[in-house]
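Right, I'll just put the structure down here and ask away after.
The values are calculated or read from the model by the stated rules, or taken from the named source; none is laboratory data. Every value quoted in this text rests on a predicted model; they were computed, and no experiment measured them. We place every Cβ from the backbone using ideal geometry, glycine too, and count neighbours over all the protein chains shown.
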Amino acid sequence: MSPDHPAAPRPTGRLSRRRLLVTSALAAVASLATGSRAAPVRADGADDAAYQRAFDEALAADKNVRRHTTAGREFLYRPRQLLAADADAQRVTAWLRALGHAVIAGDGFAGVTRLLFDRETDVPALVAKLRDPQQWPGQPVPKAQPHHVLLGLGNIMGNPGSPPSAGIALAPPDPNRLGEGSGVTVGICDTGMWRQAGGYHPQWLGAAYLPEADDEDPLYVHTDVLAPQGGHGTFVAGVVRQAAPGVRVDPEQALTATGLGDEASVVAAMARLAPAVSVVNLSLGGFTQGDQPSLPLANAVAALPTTSAVVAAAGNAGTSRPIWPAALSRVVAVAAVSQGSAGVLPATYSGYGPWVDVCAVGERTSTYVEGQLPLPGRPTRQFHGYAAWAGTSFATAHVSGRLTALMTAGGLSADAARLALLAAPRWHPDYGVLVG
């Protein structure tokens, strides 16, 4: 079962991203004028701005997040922490103490040692010095980095910059497609799963996973008021199952319901995945200092069985700057496209670049939760189990599901299916293979 490709002429390397986006904008206007429902279009960005403001307020209130704000180099990190490769930890510790920093070794994970400062410290400045070869004459430069927070600066990473809206109920799974993904398990490291997901969505999620207490999405700020990213993991699970109705899922909590995580929380979620998991879905990620690969995420991916596959979101910041872990060479990086009256076009919010491997439609309707989402200065949104949402998170979930369908159709391992998928012609150099 190969990924679908549109019958209409596809973009090629001669068609620039700028022209693609101009075409996309024109198609959006045409779709709005004709009342097309294929590609939802917002008349204004007031709700988007309010949604982002709600997240920014939650982020500002979090005392365990710091912003590095150099233009074009922004990232988020944990204060008073520095990560060093295990082999370099003693050398880095000695260097820091020689500069007068009181630092101790904390718990390690995925091949890195967490070095803890006793007071607020400019961690990015120290990392920049540590990476300077002049600091290490006659020695290899140690591997060191901040402890990155995994979300996209400017847009919620693991979540699009637009809020979910109430969606229509899904039709039951097609009985003729229940073989797609059968016998395969996708690990979903996300916000977790709604406690009532199986009972509320019996045909889509009821028998698709084993409920466990530590996998539960906390969802609510209080009563039935949803946190900005509450229900994201439940939505992702529904998209995976729509792409392959026979697949099972293993949800693990890597992000809070606000949408915050870090390298340690993602590595820990990956470590809790059941042995049966062969495809790991990471609808999350983040920018890093100097755009260098994340040491712990690279180590965690490298430690997975060679027959497995990892699929991750390319981000929603509308930039070519690499997002990690998506940009790791073994990970399938997924961008988003939109399906409109003019055909398939890039989603303006999507990450892009030669590091992107595949793309898929980012606008989806899926299983969701019960609750209300207040937006500052805007009407409160009410949800009753289904939502419509857009973002690379959901393009990623679709690709994970289709990858399992490719596995069952061809009797392939997840890695073999990944290689077969990537062997198809690229839809565009900056967006990779189009997965239908």
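For segment 394-427, how many residues are buried (at least 24 other Cβ atoms within 10 Å of the Cβ) and within 19 Å of GLY340 (Cα to Cα)?
3
A follow-up question, please. Going residue by residue through segment 224-231, is there one that turns out to be over 24 Å from PRO202 (Cβ atoms), of a type in the set (S, T, N, Q) and surrounded by 23 or more Cβ atoms within 10 Å (Cβ to Cβ)? Explain how you work it out, then say what you get.
Keep residues of segment 224-231 that are over 24 Å from PRO202 (Cβ atoms), which gives 225, 227-229.
Checking the rest, the ones that are also of a type in the set (S, T, N, Q) come to 229.
Checking the rest, the ones that are also surrounded by 23 or more Cβ atoms within 10 Å (Cβ to Cβ) come to 229.
Yes, segment 224-231 has at least one match.
Hey, among the residues in segment 167-205 that are of a type in the set (Asp, Glu) and touching a Ser or Thr at 6+ places or on another chain (Cβ under 7 Å), which one's modelled with the highest pLDDT?
Of all residues in segment 167-205, those of a type in the set (Asp, Glu) come to 174, 180, 190.
Among the residues that remain, those that are also touching a Ser or Thr at 6+ places or on another chain (Cβ under 7 Å) are: 180, 190.
Numbers: GLU180: 98, ASP190: 95.
It comes out as GLU180.
Please go through segment 103-159 and give me each residue that is in contact with an Asp or Glu (Cβ under 8 Å, 6 or more places away or on another chain), modelled with pLDDT of 95 or more and assigned to a loop (DSSP other than H, G, I, E, B), ordered by number.
The answer is ALA110, GLY111, VAL141, PRO142, LYS143.
Tell me, please, whether a residue that is polar (S, T, N, Q), assigned to a loop (DSSP other than H, G, I, E, B) and over 21 Å from the mean Cα position of the chain (by Cα) can be found in segment 165-178.
Applying the first criterion (polar (S, T, N, Q)) to segment 165-178 yields 165, 176.
Subsequent filtering for residues that are assigned to a loop (DSSP other than H, G, I, E, B) retains none.
No, that holds for no residue.
Scanning segment 93-102 for residues that are of a type in the set (A, V, I, L, M) and part of a loop (DSSP other than H, G, I, E, B), which turns out surrounded by the most Cβ atoms within 10 Å (Cβ to Cβ)? Don't jump to the end; show me each part of the working.
First, the residues of segment 93-102 that are of a type in the set (A, V, I, L, M): 94, 96, 98-99, 102.
Adding the requirement that they be part of a loop (DSSP other than H, G, I, E, B) leaves 99, 102.
Details: LEU99: 9, ALA102: 11.
Among those that are of a type in the set (A, V, I, L, M) and part of a loop (DSSP other than H, G, I, E, B), it is ALA102.
Report, ordered by the first and then the second residue, all pairs with beta carbons closer than 8 Å, sequence separation of six or more or different chains, a first member in segment 196-218 that is more than 20 Å from TYR386 (Cβ to Cβ), and a second member that is assigned to a helix (DSSP H, G or I) and at pLDDT below 95.
Listed by first residue and then by second, the contacts come to nothing, as the list is empty.
Next question, about the same structure. Filter segment 246-258 for residues that are in contact with a strand residue (DSSP E or B) (Cβ under 9 Å, 6 or more places away or on another chain) and under 16 Å from GLY179 (Cβ atoms); which is surrounded by the most Cβ atoms within 10 Å (Cβ to Cβ)?
Of segment 246-258, the ones in contact with a strand residue (DSSP E or B) (Cβ under 9 Å, 6 or more places away or on another chain) are 247-255, 257-258.
This time we only want the ones that are under 16 Å from GLY179 (Cβ atoms), so: 247-248.
Details: VAL247: 26, ARG248: 21.
Checking each candidate, the answer is VAL247.
Can you say whether PRO218 is in the same structural domain as LEU297 (by TED's automatic domain parsing), in contact with a Leu (Cβ under 7 Å, 6 or more places away or on another chain) and in a loop (DSSP other than H, G, I, E, B), as far as the supplied structure shows?
Details: in the same structural domain as LEU297 (by TED's automatic domain parsing): yes; in contact with a Leu (Cβ under 7 Å, 6 or more places away or on another chain): no; in a loop (DSSP other than H, G, I, E, B): yes.
Against the criterion (in the same structural domain as LEU297 (by TED's automatic domain parsing), in contact with a Leu (Cβ under 7 Å, 6 or more places away or on another chain) and in a loop (DSSP other than H, G, I, E, B)), PRO218 does not qualify.
For segment 185-206, does any single residue satisfy the condition of being out of contact with any His (no Cβ under 7 Å at 6 or more places or on another chain), of a type in the set (D, E, K, R), assigned to a loop (DSSP other than H, G, I, E, B) and surrounded by fewer than 17 Cβ atoms within 10 Å (Cβ to Cβ)?
The initial filter retains those residues of segment 185-206 that are out of contact with any His (no Cβ under 7 Å at 6 or more places or on another chain), namely 185-189, 192-206.
Filter once more, so that each one left must be of a type in the set (D, E, K, R): 195.
Next, from what is left, pick out any that are assigned to a loop (DSSP other than H, G, I, E, B): 195.
Pick out the ones that are also surrounded by fewer than 17 Cβ atoms within 10 Å (Cβ to Cβ) and you get none.
Looking through segment 185-206, none of the residues is out of contact with any His (no Cβ under 7 Å at 6 or more places or on another chain), of a type in the set (D, E, K, R), assigned to a loop (DSSP other than H, G, I, E, B) and surrounded by fewer than 17 Cβ atoms within 10 Å (Cβ to Cβ).
Turning to a different aspect of this structure: Would you please name the residue that is surrounded by the fewest Cβ atoms within 10 Å (Cβ to Cβ), looking only at residues in segment 43-66 that are of a type in the set (A, V, I, L, M, F, W, C) and in a helix (DSSP H, G or I)?
Taking segment 43-66 as the starting set, the residues that turn out to be of a type in the set (A, V, I, L, M, F, W, C) are 43, 46, 49-50, 54-55, 58-61, 65.
Next cut, in a helix (DSSP H, G or I) only: 46, 49-50, 54-55, 58-60.
Details: ALA46: 12, ALA49: 16, ALA50: 17, ALA54: 20, PHE55: 22, ALA58: 20, LEU59: 19, ALA60: 10.
So, considering only residues that are of a type in the set (A, V, I, L, M, F, W, C) and in a helix (DSSP H, G or I), the one surrounded by the fewest Cβ atoms within 10 Å (Cβ to Cβ) is ALA60.
Can we say GLY111 is in contact (Cβ under 8 Å) with a residue 60 or more places away in the chain and crowded, with 16+ Cβ neighbours inside 10 Å?
Numbers: in contact (Cβ under 8 Å) with a residue 60 or more places away in the chain: yes; crowded, with 16+ Cβ neighbours inside 10 Å: yes.
In short, yes.
Take the residues in segment 278-333 that are among the hydroxyl-bearing types (Ser, Thr, Tyr) and surrounded by fewer than 24 Cβ atoms within 10 Å (Cβ to Cβ), then tell me which one is modelled with the lowest pLDDT.
THR319
For residues that are over 29 Å from ALA197 (Cα atoms) and either buried (at least 24 other Cβ atoms within 10 Å of the Cβ) or free of Cβ contacts under 8 Å to residues at least 60 places away in the same chain (or both), tally how many sit in segment 350-368. Talk me through it step by step, then tell me what you get.
Start the filter on segment 350-368 by keeping residues that are over 29 Å from ALA197 (Cα atoms), which leaves 351-358.
If we keep only those that are either buried (at least 24 other Cβ atoms within 10 Å of the Cβ) or free of Cβ contacts under 8 Å to residues at least 60 places away in the same chain (or both) as well, we get 351-352, 355-358.
Count: 6.
From the list ALA144, ALA243, which residue is more than 30 Å from LEU82 (Cβ to Cβ) and buried (at least 20 other Cβ atoms within 10 Å of the Cβ)? Talk me through it step by step, then tell me what you get.
On the way: ALA144 fails: more than 30 Å from LEU82 (Cβ to Cβ).
Going through ALA144, ALA243 in turn, the sole match is ALA243.
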